[in-house]
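The values are calculated or read from the model by the stated rules, or taken from the named source; none is laboratory data. All of these numbers come straight from a predicted model, not from anything done at the bench. Cβ atoms come from the backbone with ideal geometry, glycine included; neighbour counts cover every protein chain shown. The accessibility values were calculated without ligands, DNA or RNA, using every heavy atom of the protein model including side chains. Shrake-Rupley method; radii C 1.70, N 1.55, O 1.52, S 1.80 Å.
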Amino acid sequence: MILNFAKDKKAYKTGRGVSVSDGVSPRRIRESLNRILRDFLRKSIEFRRAFRFISKLYLSFDFSERNMKVKAGKTAKSPKLKSREKKKPVIKEVDVEEAKEEDSLGGSEESDFEDEDTLETFSKHKLDLEKLKETDPEFFKFLQEEDADLLNVEGDEENEEEEEEDVDDDEEESDVEELDGEKDVKPERKPKAKQDSASGRLIVDGNIIEYLQNKLDFDTEKEDVSLDASAVRMAVDVFIACVARVGADLEAPKYIIQEQSVFDESVRLCFLALPTAFQKLLSTSKGEDESTKVSRPKLKKHQNMLRTYLQAVLIFLNEIQTPAVIASTLKSIMRLVDFYAHFAKLTRQLIKSLTRVWSRKTIECRVVAFVCMSRLVKDYPQHFSALYKNAYVAFVSNSKVVTNETWPLLQFMHRTYAELTLQNPGQAYRFAFVYIRQTAVHLRNAMIGKGRKDLVYSVYNWQMIQCIYLWVRVVAKAHSVTGAESIAELVYPLVQVIIGMFRLSNAPTFLPLRFHCCQLLIQLQASCATFIPVLRYATEALEELGRELKRKPSVGKTVTKIPDIECTLRISSQYSDTPQWRKAACEYIFRTMMQGAHLLASQAGFPDVIVPVNHAISSLLSELKNADYAQLFRGLQSKLREHSKYIQDILKKKEIRLNDEVQVLAIRFHLNSPDSPLRAYYRQWEHVWKMKHQALTQSSQAESKVDEKKNAKKRKAVENANKKEMEKEEEVIGAPKKRKKATPAAKKADASIADTFADLSAWSDEES
């Protein structure tokens, strides 16, 4: 083959710039011919390797009628082969030609034909090499030095056969070793699920749950545990079936669950095993950045499966109502926070779900929801703004009604919101300033309105008061933490808003609200170490109460139960004239004045501060006719005077130099003695008050339980009566009347009903 090519004049006619003419010696022609042959042989080596690869590939294909579908004289190719043909056009041409030859010759004769063809080519190549050795020994020697492989055709075939035999022997030996080592262990096969006759979906049974438990059972002691991604995918599909069973509006899932026990086991398995499975599946490898908890390439590979599961968990959380199941779902979400943070849309949905549970469910569920919120904000600060705003709006929308049962839940939200604020004080300051300013804008509009009831009620409501309670807690907490000085400085505008609310209306109906304002000022003074004239505003409330006490109580008005001052903002005339209400109001304002005086007990200016307070108490005692009320405030007045004299005696005995800071601190320490008259009296009163408060709460709880039982009996009676009426109506002969369709005007009327949360538009973070 090589000699025939060399003898062809067309092949070397223009080789190396040498042309055949009469003036050229035969030696130069031979040298040029040798150079051409060397170039050809270098190319022929590559061609030979490609030919061997193609022939092996061709022989490995099965062109039987079972595996090859031929249409109109052309072979049918799989999509994978088509993609390979595009990348390697040379292989594509060879495959098509071989396939056409194969179609013409038949399936059984192809292998024989291929063997004969390859034998002929190799034998011809061998004869050409022998002729070349005889005619041109120098060139043959050159071939032996440059590429001895090309001359040794039989050796290559024998080596290839030996290599194939060695590989086969190694595979057989490894198979034998594996079989010997795993004689006792049977390979676990995927169980076949039964098909539901009605829906056509696969039924989840105990075998599938057992299979998933074995596949997803990770031993913490063993680090190298193989994970089957198909088992994780199967577990995700089973959980989607659980979500569909709960009642979520989803597309028909692959599986269906018909038994409650299987449902419980499936949910428990997914909550316990899938977070660990995804952590192993998406964990970072050794070469990647260890600071990131999730591998980017692996996340890109499995993101569809992960997104499906994360979204299913959120739907499941929104559908269920049992507190225990909600808490377990939130605990599972706590382990999935790192995965939620990589999907922006799912993170927004997660924040809405967490804030909904945090503001509406039981205290156990709220605690777990807050832990999830705190972890999300701590590990991923970029989501702080969205979570902070959503939590505030959720708090405002769920603080319209305040009762003895809801007060502990609201106080829990106050404390946890303050904790969220301190995790990122820099970003929280912007929102805190805007929201406090928003309350000030509402107050300003009500003050400008000159007594308009709608504007007054826009301030005198539980949403506004609870927002003030929230920000008081936040500012008080910020004073005890370093790094939150900017939020602590908001104490001044907050005090101004509280004082403005206190003086907005002097109507005796809103006396409970003014008591709440005094309590807010006391909390700020106690935590911020800032002087606030609380006793002054408590004295104003006392004077207003004195005007109410001048009137005689209504005769014959006996009320068994009066509203709790802690849970009310306004008192109606039905209760304001009763002796029970007057007694409760006197005790509450006595408590406020005691707390305010106790905060100033260690101050050197205490004797000057209580002068107007003593004067107001004296004027009240001169007009009081009830001996119980008079005795209560007379005891307070005597203790205030006694403590004032105690401080004056200490200051007279010692010289005070205001420039000497050490001396000033020593005097303060001496004035803060626990044996002072006011402090001893305060401890006694606090102990008695706590006992009374505990007794009242227990009695109120017992009464509420009795009321619940009575209401349950009434409901059952009403339901039974309705059932009887329905049964009677069904017995009546005659078709029921068709319900008339609503007219367009009726539809418009229904759409015009006011939304109960319409006032939330005023609580946005946008400036008005």
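Details
Results for (1) crowded, with 16+ Cβ neighbours inside 10 Å; (2) at pLDDT below 90; (3) closer than 20 Å to LYS561 by Cα, shown as yes or no for each residue.
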residue: THR592; (1), (2), (3): yes, no, no
residue: SER602; (1), (2), (3): yes, yes, no
residue: ASP608; (1), (2), (3): no, no, no
residue: ASN626; (1), (2), (3): no, yes, no
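- Selection status of GLY449, in contact with a Leu (Cβ under 6 Å, 6 or more places away or on another chain) and open to solvent by 10 Å² or more (accessible area, probe 1.4 Å): yes
- In region 567-589, the residue that is nearest to GLU405 (Cα to Cα) out of those that are open to solvent by less than 50 Å² (accessible area, probe 1.4 Å) and over 47 Å from the mean Cα position of the chain (by Cα) is TRP581.
- Of all positions in region 557-576, none carries a residue that is of a type in the set (A, V, I, L, M), touching an Asp or Glu at 6+ places or on another chain (Cβ under 8 Å) and over 25 Å from PRO493 (Cα atoms).
- Residue within region 454-463 that is farther than 17 Å from ARG360 by Cβ, at pLDDT 95 or above and not aliphatic (A, V, I, L, M) present: no
- Leading residue by the ranking (modelled with the highest pLDDT) among those in region 540-566 that are closer than 23 Å to HIS693 by Cβ and open to solvent by 70 Å² or more (accessible area, probe 1.4 Å): LYS561
- When we screen VAL402, VAL475 for residues that are open to solvent by less than 30 Å² (accessible area, probe 1.4 Å), within 19 Å of LEU569 (Cβ to Cβ) and of a type outside the set (Phe, Trp, Tyr), the only hit is VAL402.
- Reported count of residues in region 238-287, each being aromatic (Phe, Trp, Tyr), surrounded by fewer than 20 Cβ atoms within 10 Å (Cβ to Cβ) and under 23 Å from LYS300 (Cβ atoms), is 0.
- Any hit, region 247-267, residues being modelled with pLDDT of 85 or more, within 19 Å of SER328 (Cβ to Cβ) and among the hydroxyl-bearing types (Ser, Thr, Tyr): yes
- GLU661 vs. criteria of a type in the set (Asp, Glu), open to solvent by 70 Å² or more (accessible area, probe 1.4 Å) and in contact with a helix residue (DSSP H, G or I) (Cβ under 7 Å, 6 or more places away or on another chain): no
- Scanning region 463-472 for residues that are in contact (Cβ under 8 Å) with a residue 40 or more places away in the chain and under 12 Å from VAL491 (Cβ atoms) yields a single hit, VAL472.
- Residue in region 325-334 that is under 24 Å from PRO191 (Cβ atoms) and either in contact with a strand residue (DSSP E or B) (Cβ under 9 Å, 6 or more places away or on another chain) or of a type outside the set (A, V, I, L, M, F, W, C) (or both) present: no
- Candidates GLN684, GLN663, GLN694: the one that is modelled with pLDDT of 75 or more and under 41 Å from the mean Cα position of the chain (by Cα) is GLN694.
- Hits in region 236-257 - residues which are part of a helix (DSSP H, G or I), charged (D, E, K, R) and more than 21 Å from LEU281 (Cβ to Cβ): ARG245
- Any chance GLN427 is open to solvent by 40 Å² or more (accessible area, probe 1.4 Å) and touching a Phe, Trp or Tyr at 6+ places or on another chain (Cβ under 6 Å): yes
- Among helices (runs of 4 or more DSSP H) entirely within region 481-536, having at least 3 residues that are open to solvent by less than 20 Å² (accessible area, probe 1.4 Å), touching a residue at least 12 places away in the same chain (Cβ under 8 Å) and under 29 Å from GLY426 (Cβ atoms) singles out 491-502, 511-528.
- Of all the numbered requirements in (1) outside any loop (DSSP other than H, G, I, E, B); (2) at pLDDT below 85; (3) open to solvent by less than 90 Å² (accessible area, probe 1.4 Å), VAL225 misses one, and that requirement is (1).
- Helices (runs of 4 or more DSSP H) within region 334-380 that include 2 or more residues farther than 20 Å from GLN279 by Cβ: 344-360, 363-379
- Scanning region 634-681 for residues that are closer than 30 Å to CYS586 by Cα, outside any helix (DSSP H, G or I) and acidic (Asp, Glu) returns a single hit, ASP675.
- Of the residues making up region 558-605, those that are polar (S, T, N, Q) and either closer than 20 Å to THR539 by Cα or assigned to a loop (DSSP other than H, G, I, E, B) (or both) are THR558, THR560, THR568, SER572, SER576, THR578, THR592, GLN595, SER602, GLN603.
- Apart from one condition, LYS625 fits all of (1) more than 55 Å from the chain's Cα centre (by Cα); (2) in a helix (DSSP H, G or I); the exception is (2).
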